[in-house]
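J.: Can you keep this structure in mind? I'll have questions shortly.
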Amino acid sequence: MKSKELSVDLQDRIVSRHKSGEGYRKISVALKVPMSTVASIICKWKKFETTRTLPRAGRPPKLSEKGLSQGGDQEPNGHSVRAPEVLCGERRPSLQQSTNQACMVEWPDGSLLTKRHMAAHLEFAKRHLKDSQTMRNKILWSDETKIELFGVNARRHVWRKPGTAHHHANTIPTVKHGGGSIMLWGCFSAAGTGRLVRIKKKMTAAMYRDILDENLLQSALDLRLGRRFIFQQDNDPKHTAKISKEWLQDNSVNVLEWPSQSPDLNPIEQLWRDLKMAVHRRFPSNLMELERCCKEEWAKLAKDRCAKLVASYSKRLEAVIAAKGVLTRY
């Protein structure tokens, strides 16, 4: 059973007595606190210059450092296997092997986050944490997404009785490869949603330039962002191609410098989720109907929702800083 944490006042008294020159044993007797606890609190104070509980990212490990270094098992051939390699009966890469593989973390979409990505991720969050809300309201966020016709792009829930999970009424029919899909490019700001465009072929840099030419400035105008708005895009090769950069420069568009592999920094991801849920509630039957539903539902997304996503951007950056550049719940 986990022991109760000492009060802040008692921890401060322990540190105060230590500063005045009292030894661990004397402090332990005077305050009726185990000597090991006294030593732990003073050690924490020396390291962090505070006795307060500090925030930490992620779930605490189940194995202690000693367990990681000493824990082991035996394979049938008699060779020793360290504890991290034996999880649920499977052979896994060792901690050392994982570290040697550039300390890569995998996003839910399959992209890999290396140490270099994590550092850039963290640096962006620190640099923009103190940006004014006025500046953030000037940003036009953009991205592409895929929406499947019959795919499970959004999680669905049903109320059912125990043992009826496979009843027809409680199942959702699926089609291989989602029955087809469409790719979309869209943008939004704190003032609401901008244009939404279907990408009908595999997108090239020239196609992306045409999308910007036909939709970007008009979206900024519709949202009343003014000529000095800031455009956000990720580092997809089509976005950073020479033809795309030249168009942005020729039209005097300010582009927000963006770290690679950072989907959790873009609030449009939440709008894509909202869009997919709304579209699949309408059960479109073909790709033309799917496109029409997407555009109608995109236009219906509330301006308040857009404004709140941008207004809460500091929390997103704080989560990245707390996680030291690793992926966050966003």
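J.: Does any residue of the stretch 151-159 turn out to be at pLDDT below 80, in a loop (DSSP other than H, G, I, E, B), over 22 Å from ASP274 (Cα atoms) and touching a His at 6+ places or on another chain (Cβ under 8 Å)?
T.: Applying the first criterion (at pLDDT below 80) to the stretch 151-159 yields 151-159.
Subset that is in a loop (DSSP other than H, G, I, E, B): 151-159.
Retained after the next criterion (residues that are over 22 Å from ASP274 (Cα atoms)): none.
No: zero hits.
J.: Would you be able to tell me the number of residues in the stretch 283-317 that are open to solvent by 80 Å² or more (accessible area, probe 1.4 Å) and more than 27 Å from GLU123 (Cα to Cα)? Break it down stepwise before answering.
T.: Just the residues of the stretch 283-317 that are open to solvent by 80 Å² or more (accessible area, probe 1.4 Å), to begin with: 283, 288, 292, 295, 300, 303-305, 308, 315.
Next, from what is left, pick out any that are more than 27 Å from GLU123 (Cα to Cα): 283, 288, 292, 295, 300, 303-305.
Residues that pass the stated criteria total 8.
J.: Select, from LYS32, LYS47, LYS2, the only residue that is loosely packed, with under 12 Cβ neighbours inside 10 Å, modelled with pLDDT under 85 and over 28 Å from GLY325 (Cβ atoms).
T.: On the way: LYS32 fails: modelled with pLDDT under 85; LYS47 fails: over 28 Å from GLY325 (Cβ atoms).
That would be LYS2, the only listed residue that is loosely packed, with under 12 Cβ neighbours inside 10 Å, modelled with pLDDT under 85 and over 28 Å from GLY325 (Cβ atoms).
J.: Taking the stretch 257-305 on its own, how many of its residues are closer than 15 Å to ASP143 by Cβ, under 19 Å from the mean Cα position of the chain (by Cα) and not in a loop (DSSP other than H, G, I, E, B)? Spell out how you get there, then give the answer.
T.: As a first pass, look at the stretch 257-305 and keep what is closer than 15 Å to ASP143 by Cβ: 258-276, 294, 298, 301.
Restricting the remaining residues to those that are under 19 Å from the mean Cα position of the chain (by Cα) gives 258-276.
Next, from what is left, pick out any that are not in a loop (DSSP other than H, G, I, E, B): 263-265, 268-276.
Here the count works out to 12.
J.: Another one. Please enumerate the residues belonging to the stretch 192-226 that are in a helix (DSSP H, G or I) and within 16 Å of THR240 (Cβ to Cβ). Spell out the reasoning first.
T.: Our first condition is that a residue be in a helix (DSSP H, G or I); within the stretch 192-226, this holds for 205-222.
Residues satisfying the conditions are ALA205, ALA206, MET207, TYR208, ARG209, ILE211, LEU212, LEU216.
J.: If LEU248 passes every condition in (1) touching a strand residue (DSSP E or B) at 6+ places or on another chain (Cβ under 8 Å); (2) exposed (fewer than 15 other Cβ atoms within 10 Å of the Cβ); (3) in a helix (DSSP H, G or I) but one, which one does it miss?
T.: It fails just one condition, (2).
J.: SER262 fails exactly one of the following numbered conditions: (1) out of contact with any Lys or Arg (no Cβ under 8 Å at 6 or more places or on another chain); (2) among the small types (Gly, Ala, Ser); (3) open to solvent by 50 Å² or more (accessible area, probe 1.4 Å). What is the number of that condition?
T.: SER262 satisfies all of (1) out of contact with any Lys or Arg (no Cβ under 8 Å at 6 or more places or on another chain); (2) among the small types (Gly, Ala, Ser); (3) open to solvent by 50 Å² or more (accessible area, probe 1.4 Å) except (3).
J.: Still on this model: Can you name every residue in the stretch 225-245 that is surrounded by fewer than 18 Cβ atoms within 10 Å (Cβ to Cβ) and hydroxyl-bearing (Ser, Thr, Tyr)?
T.: The answer is THR240, and nothing else.
J.: Here's a follow-up. Condition check: modelled with pLDDT of 95 or more, in contact with a strand residue (DSSP E or B) (Cβ under 8 Å, 6 or more places away or on another chain) and either open to solvent by 80 Å² or more (accessible area, probe 1.4 Å) or among the basic types (Lys, Arg) (or both). Does ASP222 satisfy that? Explain how you work it out, then say what you get.
T.: On the way: modelled with pLDDT of 95 or more: yes; in contact with a strand residue (DSSP E or B) (Cβ under 8 Å, 6 or more places away or on another chain): yes; either open to solvent by 80 Å² or more (accessible area, probe 1.4 Å) or among the basic types (Lys, Arg) (or both): yes.
The answer is yes for ASP222.
J.: Only one of these is within 20 Å of LYS138 (Cβ to Cβ) and without any contact (Cβ under 8 Å) to a residue 24 or more places away in the chain: LYS315, LYS245. Name it. Break it down into steps so the answer makes sense when it comes.
T.: Working: LYS245 fails: within 20 Å of LYS138 (Cβ to Cβ).
Every option except LYS315 fails the conditions.
The values are calculated or read from the model by the stated rules, or taken from the named source; none is laboratory data. Note that this is a predicted model, so its numbers are computed, not measured. Using ideal geometry, Cβ is built from the backbone for each residue, glycine included, and neighbour counts are taken over all protein chains shown. When the accessible area is computed, the model is the full protein with side chains, heavy atoms only, and any ligands, DNA or RNA have been set aside. Shrake-Rupley method; radii C 1.70, N 1.55, O 1.52, S 1.80 Å.
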